[in-house]
Amino acid sequence: MTEQTETKPEADVTPAPEAAADPVAPTEAEAQAAAGPESPAVPEARAEGEAAAVPEPSAESAPSADSAVPPDSAVAAEVPAVPAAGPEGQQLPETAQVPLTLSGPPAAPARRPSRRVLWAVARWTAAVLVCGGLGAGTAFGIASMERHEVPGLATESDGRWEYPKLSLPALPADAPRPYSDGNPGEIHHADLRKLLLPAPAGATPDPKLDGGWVTVDQYVSQYRQDDRAELKDALKESALRHVAARGWTMPDGTTTRIHLLRFNSVAFAEAFKDDVIRAGSLDGPLLEGAEGVTMDSEIANDVRVSYTALYTFVELPKNADQARWAYIQAGDTVALVTQTRKGEALRVPFQQTVTLQNQLLG
């Protein structure tokens with residue numbers, strides 16, 4: 001009997017699409033080779049239609065178990081590149097920098113001021129302090145200076161002299177001042193020597209006329225020789241009490257002499273002024289060396305002091321020296337103020353001197 005062999009139709013063994021192959025158990029050697037430090041996860045290559053083979057990392061590139069990644073920081077780890085076939089069979093780069101960002105943004109460091117800004121602030125601060133100090137020092141210096149010492153503010157000198165500060169002398173107890181209600185006789189009870197005008201700054205005092213008492217002869221020596229005898233006789237009959245005088249010479253050669261004559265009453269003083277020296281006219285006695293005279297009414301009009309009478313004269317400029325003089329009648333006292341200078345006797349210092357002496361008597 002013929003042995004028939006039954007032939008079974010072959011089954012369709014075509015694998016289904018995307019069916020996974022059965023895993024094959026690795027040998028012991030392959031398992032030991034594959035054993036090692038855990039490798040970092042590699043992102044799956046997603047090249048369309050192509051599978052990317054992931055090479056196994058080496059032991060040197062594996063991270064140590066002791067190393068720890070600080071939190072909240074960004075770390076760029078070098079991960080083995082995934083070789084894959086390019087469109088035309090070209091290999092991709094072997095390594096690529098894959099940034100790994102951990103949770104949380106990085107902590108921003110505290111911003112410090114720029115060194116350039118700090119230097120600028122320091123320079124401006126120093127400049128302000130220096131300017132402030134200089135300004136304060138300058139202001140203090142200017143405030144402590146006199147007007148004539150400040151550049152730009154100094155007043156140009158007009159020829160006046162620098163006299164000391166004047167004050168009236170003290171009176172005896174219960175003695176009233178002249179021209180007051182309790183002194184109808186207009187008597188000067190103060191020391192006559194204290195009523196003399198002091199010398200200005202820079203003057204050279206006259207040792208013979210030092211502010212003390214002088215004789216009648218010394219007074220009449222101011223006039224021409226022909227007039228001295230008449231003047232001396234008139235003073236003997238006019239109840240003259242005493243005469244005080246002071247003199248000085250300035251650096252420009254101007255010589256000043258002041259004589260104060262006190263009488264027993266206002267009546268004797270007025271009689272001597274009107275009848276002897278004839279102060280209101282050009283007929284009076286002339287000073288020594290003068291040949292002609294004229295009245296300077298402008299000074300008399302400018303200088304006005306209550307209860308006093310002022311008469312000013314100027315020598316006609318015919319000689320090498322010129323003289324100016326003035327008579328002041330204040331109550332019981334008559335004053336003679338003279339100034340002489342080579343060439344011309346200046347008007348400004350003469351008017352200043354006459355004004356101050358008049359104020360002391362008034």
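The values are calculated or read from the model by the stated rules, or taken from the named source; none is laboratory data. What you see is a predicted model; the values in this text were computed from it and never measured. Cβ coordinates were reconstructed from backbone atoms using ideal geometry, including for glycine residues, and neighbour counts include every protein chain displayed. Each accessible area value is taken on the protein alone, full model and side chains, heavy atoms only, with ligands, DNA and RNA left out. Shrake-Rupley method; radii C 1.70, N 1.55, O 1.52, S 1.80 Å.
If you filter segment 351-362 down to residues that are touching a residue at least 60 places away in the same chain (Cβ under 8 Å) and in contact with a Ser or Thr (Cβ under 7 Å, 6 or more places away or on another chain), you find that the one that is most open to solvent (accessible area, probe 1.4 Å) is G362.
Within the set S103, S157, the sole residue that is at pLDDT below 70, among the polar types (S, T, N, Q), assigned to a loop (DSSP other than H, G, I, E, B) and out of contact with any helix residue (DSSP H, G or I) (no Cβ under 9 Å at 6 or more places or on another chain) turns out to be S103.
Taking segment 278-292 as the region of interest, how many residues are outside any loop (DSSP other than H, G, I, E, B) and in contact with an Asp or Glu (Cβ under 6 Å, 6 or more places away or on another chain)? Give the steps one after another, and end with the answer.
First pass over segment 278-292, keeping only residues outside any loop (DSSP other than H, G, I, E, B): 287.
The next check asks that each one be in contact with an Asp or Glu (Cβ under 6 Å, 6 or more places away or on another chain); those that pass are none.
Here the count works out to 0.
Take the conditions touching a residue at least 24 places away in the same chain (Cβ under 8 Å) and either among the acidic types (D, E) or within 30 Å of R177 (Cα to Cα) (or both) and apply them to R262. Does it pass? Full working, then the answer.
Details: touching a residue at least 24 places away in the same chain (Cβ under 8 Å): yes; either among the acidic types (D, E) or within 30 Å of R177 (Cα to Cα) (or both): yes.
So R262 passes the test.
Taking segment 236-254, which residues are at pLDDT 95 or above and open to solvent by less than 30 Å² (accessible area, probe 1.4 Å)? Within segment 236-254, V243, A244, A245, G247, W248, M250, T254 meet the criteria.
Can you pull out the residues in segment 262-277 that are part of a helix (DSSP H, G or I) and among the β-branched types (V, I, T)? Those that are part of a helix (DSSP H, G or I) and among the β-branched types (V, I, T): V266, V276.
Going by what's in this entry, would K273 be described as among the basic types (K, R) and without any contact (Cβ under 8 Å) to a residue 40 or more places away in the chain?
Details: among the basic types (K, R): yes; without any contact (Cβ under 8 Å) to a residue 40 or more places away in the chain: no.
Considered against the rule, which asks whether it is among the basic types (K, R) and without any contact (Cβ under 8 Å) to a residue 40 or more places away in the chain, K273 comes out as no.
For (1) under 15 Å from L336 (Cβ atoms); (2) open to solvent by 50 Å² or more (accessible area, probe 1.4 Å), each residue gets a yes or a no:
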{"residue": "H189", "(1), (2)": "no, yes"}
{"residue": "L197", "(1), (2)": "yes, no"}
{"residue": "G202", "(1), (2)": "no, yes"}
{"residue": "G212", "(1), (2)": "no, no"}
{"residue": "D226", "(1), (2)": "no, yes"}
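Scanning segment 315-350 for residues being open to solvent by 20 Å² or more (accessible area, probe 1.4 Å) and either more than 23 Å from V243 (Cα to Cα) or acidic (D, E) (or both) gives a total of 13.
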